[in-house]
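Enquirer: Sending over a structure as structure tokens; questions will come in a sec.
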Amino acid sequence: MEIIIQPDSRKASLVAAKITAALVREKPHAVLGFATGQTPLEMYGILVEMHRTEGLDFGQVTAFNLDEYAGLDPAHPGSYHSYMRENLFRHINIRANRVYIPDGLAADVPACCASYEERIHAAGGIDIQVLGLGTDGHLGFNEPTSSLASRTRIKTLTGQTRRDNAALFGGVDQVPHHVITMGLGTIMACRTCLLLAFGRKKAGAVAAAVEGPLTAMVPASVLQMHPRAIFILDEEAASELTRTAYYRWVYENKPDWQKY
Ligand code: GLP
């Protein structure tokens, strides 16, 4: 794992945007995996800015989203369809027919999940998967005890995650219980995992995922087994890590060819 600690979320988001933009420039047909939540908003804002001012071209990019609430209309403001449209897709030149988000209204959920996996495979696999981190260590909506080998499927949210995501629903009672999410096995198959975590409330989950044991109780700890997992943190999210001096030295002394 690579641990990058930046002074604040803006600088951290810039590193994440630069890594993503470099891939899109080098590989115009890149397959990007996107996450939702508060955390990647600044990164998406920077990508939009790069599209506007530097001509960063998403015209041939394919996008897959991590997850969606089950039973929620894509037009609902709390849906991840709405989130992606409002915060990224409508501001860049990505093509609608290359955007995939799990269908929360699917009548046949297992078939919808299987076809999502097939689509990722047919697209050549995901090059970079952007990830946030739940306060309980979840990735996507893979709650603690999720199978570390899981694939896209239906999951049930914990009370903690429903409370964390209540803002867009006008109260925790309105947050759906069920979701469709890429599995941890799906995420592990992505070529690069770019996890962003900001703020004090993520510090415990970050420390458990990076320096704790590999366990289904902390789903993000599965990234310890990933060949290219990059954690990009602000100071607060990094505050419970014990090896920060080492992580900083590594980042500041990368060989030129390895710098972002
Ligand atoms: C939800 C999403 C996750 C996201 C998490 C953290 O659970 N399904 O993908 O990482 O929220 O959200 P935030 O970034 O708002 O803290």
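Enquirer: When both residues are 6+ apart or on different chains and their Cβ atoms are under 6 Å apart, which pairs have a first residue that lies in segment 66-82 and is under 17 Å from Arg98 (Cα atoms), and a second that is away from the ligand (no atom under 14 Å from the Cβ) and open to solvent by 20 Å² or more (accessible area, probe 1.4 Å)?
Expert: His81/Pro74
Enquirer: When residues of segment 16-58 are filtered for being assigned to a loop (DSSP other than H, G, I, E, B), within 16 Å of the ligand (Cβ to nearest atom) and within 20 Å of Arg98 (Cα to Cα), how many remain? Break it down stepwise before answering.
Expert: Residues of segment 16-58 assigned to a loop (DSSP other than H, G, I, E, B): 27-30, 35-40, 55-58.
Pick out the ones that are also within 16 Å of the ligand (Cβ to nearest atom) and you get 35-40.
Now drop any that are not within 20 Å of Arg98 (Cα to Cα), which leaves 35-36.
Matching residues across segment 16-58 total 2.
Enquirer: I'd like the full set of residues that are among the polar types (S, T, N, Q) and at pLDDT below 95, limited to segment 218-259. Break it down stepwise before answering.
Expert: At the first step, the residues of segment 218-259 found to be among the polar types (S, T, N, Q) are 221, 224, 239, 242, 244, 253, 258.
Within segment 218-259, Gln258 is the sole residue that qualifies.
Enquirer: Pick from Glu240, Glu235: which is over 18 Å from the mean Cα position of the chain (by Cα), touching a residue at least 60 places away in the same chain (Cβ under 8 Å) and surrounded by 16 or more Cβ atoms within 10 Å (Cβ to Cβ)? Before the answer, list the steps.
Expert: On the way: Glu240 fails: touching a residue at least 60 places away in the same chain (Cβ under 8 Å).
Unique residue meeting the criteria: Glu235.
Enquirer: Sticking with this one: Given (1) away from the ligand (no atom under 16 Å from the Cβ); (2) under 16 Å from the mean Cα position of the chain (by Cα), identify the lone condition not met by Gly137.
Expert: So the condition that Gly137 fails would be (1).
Enquirer: Could you list, in sequence order, all residues of segment 199-238 that are part of a loop (DSSP other than H, G, I, E, B) and in contact with a Gly (Cβ under 8 Å, 6 or more places away or on another chain)?
Expert: Initially, segment 199-238 is screened for residues part of a loop (DSSP other than H, G, I, E, B), giving 199, 212-218, 226-228, 235-238.
Matches in segment 199-238: Met217, Val218, Glu236, Ala237.
Enquirer: So Leu196 fits all but one of (1) touching a helix residue (DSSP H, G or I) at 6+ places or on another chain (Cβ under 9 Å); (2) at pLDDT 95 or above; (3) in a helix (DSSP H, G or I); what number is the exception?
Expert: Looking at each condition in turn, Leu196 falls short on (3).
Enquirer: Something else about it: Would you check if His91 is closer than 19 Å to Ile126 by Cα, at pLDDT 95 or above and away from the ligand (no atom under 16 Å from the Cβ)?
Expert: Details: closer than 19 Å to Ile126 by Cα: no; at pLDDT 95 or above: yes; away from the ligand (no atom under 16 Å from the Cβ): yes.
Against the criterion (closer than 19 Å to Ile126 by Cα, at pLDDT 95 or above and away from the ligand (no atom under 16 Å from the Cβ)), His91 does not qualify.
Enquirer: Additional query: Quickly run through segment 147-169 and pick out the residues that are in contact with a Leu (Cβ under 6 Å, 6 or more places away or on another chain) and within 13 Å of the ligand (Cβ to nearest atom). Even if it seems obvious, please write down each step before you answer.
Expert: Quick first cut of segment 147-169, residues in contact with a Leu (Cβ under 6 Å, 6 or more places away or on another chain) only: 148, 150.
Passing the criteria: none in range.
Enquirer: Please enumerate the residues belonging to segment 204-232 that are of a type in the set (Val, Ile, Thr) and either open to solvent by 30 Å² or more (accessible area, probe 1.4 Å) or farther than 22 Å from Ile187 by Cβ (or both). Quick ask: steps written out before the conclusion?
Expert: First pass over segment 204-232, keeping only residues of a type in the set (Val, Ile, Thr): 206, 210, 215, 218, 222, 230, 232.
Selection gives Thr215 alone.
Enquirer: For a quick check of your reading of the model, give me the residue pairs whose first member lies in segment 198-225 and is under 15 Å from Asp164 (Cβ atoms), whose second is β-branched (Val, Ile, Thr) and not in a helix (DSSP H, G or I), with beta-carbon atoms closer than 6 Å and at least 6 apart or on different chains.
Expert: Here the result reads Phe198/Thr39; Lys201/Thr135; Ala205/Thr135, each pair linking segment 198-225 to a residue that is β-branched (Val, Ile, Thr) and not in a helix (DSSP H, G or I).
Enquirer: Would you check if there is a residue in segment 136-152 being over 14 Å from Asp67 (Cβ atoms) and basic (Lys, Arg)? It would help to see each step written out before you state the result.
Expert: Of segment 136-152, the ones over 14 Å from Asp67 (Cβ atoms) are 136-137, 144-145, 147-149.
Now drop any that are not basic (Lys, Arg), which leaves none.
No; the residues of segment 136-152 include none that is over 14 Å from Asp67 (Cβ atoms) and basic (Lys, Arg).
Enquirer: Would you mind finding the one in Glu86, Glu26, Glu2, Glu49 that is touching a residue at least 12 places away in the same chain (Cβ under 8 Å) and among the acidic types (Asp, Glu)? I'd like the intermediate steps shown before the answer.
Expert: Working: Glu86 fails: touching a residue at least 12 places away in the same chain (Cβ under 8 Å); Glu26 fails: touching a residue at least 12 places away in the same chain (Cβ under 8 Å); Glu49 fails: touching a residue at least 12 places away in the same chain (Cβ under 8 Å).
One residue alone meets the criteria, Glu2.
Enquirer: Okay, next question. Out of all the residues in segment 170-188, which are more than 10 Å from the ligand (Cβ to nearest atom), farther than 12 Å from Tyr69 by Cβ and not acidic (Asp, Glu)?
Expert: Within segment 170-188, Gly170, Gly171, Val172, Gly183, Leu184, Gly185, Thr186, Ile187, Met188 qualify.
The values are calculated or read from the model by the stated rules, or taken from the named source; none is laboratory data. Not measured: the values here are computed from a predicted model. Neighbour counts are summed over all protein chains in view; Cβ atoms, including those assigned to glycine, are modelled from backbone coordinates with ideal geometry. SASA here: full protein model, heavy atoms, side chains in, ligands and nucleic acids out. Shrake-Rupley method; radii C 1.70, N 1.55, O 1.52, S 1.80 Å.
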